[in-house]
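Written below as structure tokens is the structure these notes are about.
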């Protein structure tokens, strides 16, 4: 009988000892979360890429002008951009070294009529293209030089607030385009503008 009680006591002691060694759930939840800063991989915050209007079906000259209009101004409206593009296409087909009548010549060899992207015609506007590129070291016969001058020219700048508005129709922006260019022949500029609204995608 004594041996039996001793065995039971021993068993209870062993069992109690095992039970006491098992940590409770709170203890199990405590995990070492210290970081080795030398070996840790830094968490970088993704910087959002700003969206803009693109024209996948356009040629390189058209795409360049569209990009510059958005980078150098606050124009964000598709119809406004399309209207400007449609007018440039009517004036020059985006060929910078074109003299009125179709001759492809350098800036200094266009002796009459309009010249360049928007067919600068008057002596003042034509001469200012040359002066601008002399001052800012650009080629007045090039797409890059003419695009810079076009955006910075004071006549365009006076109409820029209208183009930078949003939610207007092509017809609305065409009024600003007329004040900017003062065209004699309307031509297909409105049709071209609507075509650009269909080609352009926001991405």
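Computed values, structure above
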{"quantity": "Rough spin-label spacing in nm, given labels placed 7 Å along Cα→Cβ, for residue 76 and residue 171", "calculated": "2.6 nm"}
{"quantity": "Calculated FRET value between residue 154 and residue 109, using beta carbons and R₀ = 22 Å, to 0.05", "calculated": "0.30"}
{"quantity": "Cα centroid separation - region 111-172 against region 72-86, whole Å", "calculated": "15 Å"}
{"quantity": "Fewest-first ranking of 136, 149, using other Cβ atoms within 10 Å as the exposure measure", "calculated": "136, 149"}
{"quantity": "Likely footprinting exposure, 192, 178, fewest C-beta neighbours within 10 Å first", "calculated": "178, 192"}
{"quantity": "Projected label distance in nm at residue 164 and residue 123, using a 7 Å step from Cα toward the beta-carbon", "calculated": "3.4 nm"}
{"quantity": "Label-point separation, residue 134 to residue 194 (7 Å along Cα→Cβ), nm", "calculated": "4.5 nm"}
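Read-outs throughout are calculated quantities, based only on the coordinates presented, and are distinct from any laboratory measurement. Being a predicted model, the structure only gives us computed values, none of them experimental. Reconstructed Cβ throughout: ideal geometry from the backbone, glycine too, with neighbour counts over all protein chains shown.
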